[in-house]
Amino acid sequence: MVPRVVYLVLDGAAGSPRLGATALMRARKPGLDRIAREGVCGLAYTIARGVAPESDAAVLSILGYDPDKYYPGRGPLEALGAGMELGEGQIALRGNFATVEPGTGRILDRRVGRSLGDEEGRELAATLDGMELDSGRGRARVRHTVSHRLVVVMEHEQPLSPLITNTDPAYERRGLLSEALPNPPSTIQEARPMVEDPRATLAARLVNEFTKKALELLRDHPVNLRRRSRGLLEANAVLLRDAGARPEGLPPFREHHGLWGPATAVVEMPVEKGIARLLGMEVVELEPPRGDPGEVYRERLARTLEALRKSALVYVHLKGPDEPGHDGDTNAKSRVIGDIDKHFVRPLLEESLKNGEPFAVVVTSDHATPCPLKAHSGDPVPLAVWHPGLKGDSAQGFTEEECARGSLGVVERGHEILTRVMDVLSRVG
């Protein structure tokens, strides 16, 4: 029987060696390096070769679900994570509060400088919630989630199709999947139908109406007047992307992988919470990481070990490394990786080794966020599988270049990762 597994995903921790030394190369991380040195390593494309994925599609993929078959769009996943119901004929979209230049509409910051507080976000979302569209025949439900993030659910007397383009210029839609663009346009885009379908035409029209009304409502909102007086970026626009309908037909995670016991997700962000709920996993909800890193990661370790007592697999998703990747700050990204190593990974290994029935640890990223790009890229991510019963291969550290030397080789499709992992662990002595 396969041992218990901690499946640790370091959000955006991977970089691109072709652009220079990565944060994983620079970080002090003896725990992660031990996992690679004593374990079995490789590289993985979390969706497919050449795709610069969004986190949601990548997470669904590395949890074993082919996005081409199962991906419902990010909007419904965020809505599930936020506890919003999605009815027949409705669509959900992921949103960002953003800062645009008055008059020109030029986007100054897609995330309001990451400075928007949760209370401010809730106040802004409350103003937009219940917005009437199409002369009262349609309506938008709006809920703030974390910082600059929000979810919008649109409904109408007529059914809507999610097959519309994004207004957020940073991501280009390809079917229900979106891909990060390296050089996106600098203005809010107009939503357009992607198919010749009156339901898609109506949905695009509602999104464009919402975008225009949001600009008007947010321009002199009390939150923004206060931010303006303090010299802070204003949250005066909403960028929308990844429309989707109510998801159906996904097999539960435990059955999908033939696990001997329950699976639990220890997750911080709404989209990961939504994915875990959709897959029928037990969900341990955490607040986004704030404050002392030691306290943050020790709490996550405690919740992981608690979940492991009753689970065959515990999926742990740590957001920390991704944001400094988007900010282009390699030093900060390296520090975050080091903090996770010190306060989560090393004590996790100690717990396994002192346990009468040691558990396995699998580490990877959901995508690469190279600091020079400040965006997701299509580079493969390192993958390492550790258990005391495994014999290590030739990798000497948890970096992109070292893991490329490992015996796992290259996993071409992210949804094949867990199949490879379970095959490796089935041979543990």
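Hey, got the dipole for the range 88-244? About the Cα centre, +1 on K and R Cβ, -1 on D and E Cβ, debye to the nearest 20?
Around 420 debye, computed over the range 88-244.
Check the chain for me: any Cys whose beta-carbon has no other cysteine beta-carbon within less than 4.7 Å?
CYS371
Mind checking the dipole of the range 88-159: about its Cα centre, +1 per Lys or Arg Cβ, -1 per Asp or Glu Cβ, Debye to the nearest 20?
320
Rounded to whole Å and sorted largest first, list the principal axis extents of the Cα atoms in the range 384-429.
So the three principal-axis extents are 28, 24, 12 Å.
If I model a spin label as a point 7 Å beyond the Cα along the Cα-Cβ vector, how far apart are those points for ASP118 and GLN158 in nm?
In this crude spin-label approximation the distance works out to 4.0 nm.
Which entries in LYS69/LYS213; LYS273/LYS374; LYS342/LYS391; LYS212/LYS333; LYS310/LYS391 show an alpha-carbon gap greater than 32 Å?
LYS69/LYS213; LYS212/LYS333
Roughly speaking, what % of Cα-Cα pairs in the range 88-244 are separated by over 28 Å, rounded to a whole number?
16
Give the residues of the range 140-169 whose amide nitrogen is closer than 19 Å to a point set 7 Å from the Cα of SER186 in the direction of its Cβ.
In the range 140-169, the label zone of SER186 (backbone N under 19 Å from the point 7 Å along Cα→Cβ) covers 168-169.
Using θ = phi - 60° and the Karplus relation 6.51 cos²θ - 1.76 cosθ + 1.60, list the HN-Hα couplings for the range 245-260 in order, rounded to whole Hz, with x at every Gly or Pro.
Per residue, the Karplus-derived 3J(HN,Hα) values read 9, 4, x, 8, x, 8, x, x, 4, 4, 6, 4, 10, x, 6, 7 Hz.
To the nearest 20 Debye, how big is the dipole of the chain about its Cα centre, given +1 on the beta carbon of each Lys and Arg and -1 on that of each Asp and Glu?
600
Could you grab the relative contact order for the chain? Cα pairs under 8 Å, six or more apart, rounded to a whole percent.
34
Cut-off 10 angstrom, C-alpha nodes, Gaussian network model of the chain. Which of GLU401, GLU351, GLU416 fluctuates the most?
Comparing GLU401, GLU351, GLU416 in a Gaussian network model of the chain, the most mobile one is GLU351.
Rounded to the nearest 0.05, what FRET efficiency is calculated for VAL410 and LYS69 with R0 set to 22 Å and r the Cβ-Cβ distance?
In this case the efficiency is close to 0.50.
Mind checking which of ASN183, LEU217, THR167 is farthest towards the positive end of the chain's charge dipole, using Cβ charges of +1 (Lys, Arg) and -1 (Asp, Glu) about the Cα centre?
The listed residue farthest towards the positive side: ASN183.
Per the Kirkwood treatment, what hydrodynamic radius in Å, one decimal, follows for the range 1-125 from the mean inverse distance over all distinct Cα pairs?
Its Kirkwood hydrodynamic radius stands at 18.7 Å.
I'd like to compare 198-208, 39-49: which one has the highest average count of other Cβ atoms within 10 Å, and what's the full order after that?
39-49, 198-208
Step through the residues of the range 384-394 one at a time and calculate ³J(HN,Hα) from phi using the Karplus curve (6.51 cos²θ - 1.76 cosθ + 1.60, θ = phi - 60°), rounding each to whole Hz and writing x for Gly and Pro.
9, 10, 10, 7, x, x, 8, 9, x, 9, 8
Any idea what Rg and Dmax come out to for the chain if you just take the C-alpha atoms, in Å?
When restricted to Cα atoms, the chain yields Rg and Dmax of 21.4, 67 Å.
Give the calculated FRET efficiency between ARG290 and ARG174 to the nearest 0.05, with a Förster radius of 25 Å applied to their Cβ-Cβ distance.
Result of the calculation: an efficiency of 0.15.
Kyte-Doolittle cut-off -1.0, length cut-off 20 Å along the helix's own axis using Cα: show which whole DSSP H helices in the chain pass.
Long hydrophobic helices here: 198-219, 293-308.
Can you figure out the FRET efficiency of ARG28 with THR201, using R₀ = 45 Å and their beta-carbon distance, to the nearest 0.05?
0.25
Once you have a ≥ b ≥ c as the square roots of the Cα gyration tensor eigenvalues for the range 130-197, tell me rounded if a/c is under 1.5, and otherwise prolate or oblate according to whether a/b is larger than b/c.
oblate
Suppose the chain between LYS391 and SER135 were pulled fully straight at 0.36 nm per residue; how much longer would it get relative to their current alpha carbon spacing?
85.5 nm
So for the range 254-359, what are the equivalent ellipsoid semi-axes in whole Å, largest first, each being the square root of 5 times an eigenvalue of the Cα gyration tensor?
In descending order the semi-axes read 25, 18, 11 Å.
Each reported figure results from applying straightforward, stated rules to the coordinates on display, with no laboratory input. Predicted model only: the values in this text are computed from it and were never measured. FYI the Cβ positions are ideal-geometry reconstructions off the backbone, even for glycines, and counts take in every protein chain you see.
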